[in-house]
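Since the structure comes first, as structure tokens, the remarks are kept for the end.
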Amino acid sequence: MQPLDRTPQHLTKLAETYLLLKDAVIEQGFEWEIEWQARICFSEVTETDFLRESAWVVLSAGMRETVIRRKFEPISQAFYWWRSASLIADNAEVCRQEASTIFANDRKLKAITTIAERITKKGFPAFKNFVGHHGVDFIQQLPFMGPATSYHLAKNIGLDEVKPDRHLKRTAAATGYSNPRDLCEDIARIVGDRVSVVDVVLWRFATIYPNYLDYFAYESRQQDAEQ
């Protein structure tokens, strides 16, 4: 890990690098993803939104995003397009059987119906209130919501969080930060983006460019030039 440098010069360079990465992500066709993350608001999240996003996160755990994206529409159809938790809960076995022909992981499919059952038991307004008050701590009580996936879901339902996945952890370490949250907060403070937007830009860039850490090696390049 590089030593952390929060001098104005370093933070300015960090922000400039982020903006370059953001432009590259947009050029690759992912402006919609940035705009979606900037726009999503927890207060406006519906029961359908929560069911869909929690299912996406559960299915994505340990999987390539491109695989889930290709299968997600027929899976959504198997779960009644996420219309209501009670509809899924009342037909849980039927939903899992139909979805299993598309995605053969019964534990994940069971997790999706279990989340629907828990929402049905509490009622969505009360359930959402718990999420709003307790955030990631409450989300982690749901199946398949671990230390990284819980932040993924929180971010996807409009909470301004950072998912500490391997790409963000590596980027944080390469820039001297002990955790991705502090890195994203520093960038967000300078450029004016939401913390969750900074997260999605850094993550998406890393999925597009395997050598993404090289873009943060400006300190080493500067030292080489001075020598």
> Which of (1) free of Cβ contacts under 8 Å to residues at least 60 places away in the same chain; (2) in contact with a helix residue (DSSP H, G or I) (Cβ under 7 Å, 6 or more places away or on another chain) is the odd one out, the single condition Val58 does not satisfy?
Replying inline: (1)
> Considering the range 2-19 alone, what residues qualify as being outside any loop (DSSP other than H, G, I, E, B) and exposed (fewer than 12 other Cβ atoms within 10 Å of the Cβ)?
Replying inline: Pro8, Gln9, Thr12
>> Which residue is surrounded by the fewest Cβ atoms within 10 Å (Cβ to Cβ), if the candidates are limited to the range 134-169 and must be small (Gly, Ala, Ser) and part of a helix (DSSP H, G or I)?
In response: Gly135
> Could you list, in sequence order, the residues of the range 124-133 that are open to solvent by less than 60 Å² (accessible area, probe 1.4 Å) and either of a type in the set (A, V, I, L, M, F, W, C) or within 14 Å of Leu51 (Cβ to Cβ) (or both)?
Replying inline: Phe124, Ala126, Phe127, Lys128, Val131
> Where residues in the range 181-196 are under 18 Å from Lys169 (Cβ atoms) and not aliphatic (A, V, I, L, M), which of them is surrounded by the most Cβ atoms within 10 Å (Cβ to Cβ)?
Replying inline: Cys184
> Which of the residues spanning the range 170-216 are small (Gly, Ala, Ser), modelled with pLDDT under 95 and not in a helix (DSSP H, G or I)?
Replying inline: Gly176, Ser178
> Out of all the residues in the range 149-184, which are within 15 Å of Val195 (Cβ to Cβ) and aliphatic (A, V, I, L, M)?
Replying inline: Ala154, Ile157, Leu159, Val162, Leu168, Ala172, Leu183
> Of all the helices (runs of 4 or more DSSP H) wholly in the range 20-95, which have at least 3 residues that are open to solvent by less than 20 Å² (accessible area, probe 1.4 Å) and under 26 Å from Lys121 (Cα atoms)?
Replying inline: 47-60, 65-78
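The values are calculated or read from the model by the stated rules, or taken from the named source; none is laboratory data. Just so it is clear, the model here is predicted, and its values are computed rather than measured. As a convention, Cβ positions derive from the backbone with ideal geometry for all residues, glycine included, and neighbour counts pool all protein chains shown. Calculation scope for accessible area: heavy atoms of the full protein, side chains included, ligands and nucleic acids excluded. Shrake-Rupley method; radii C 1.70, N 1.55, O 1.52, S 1.80 Å.
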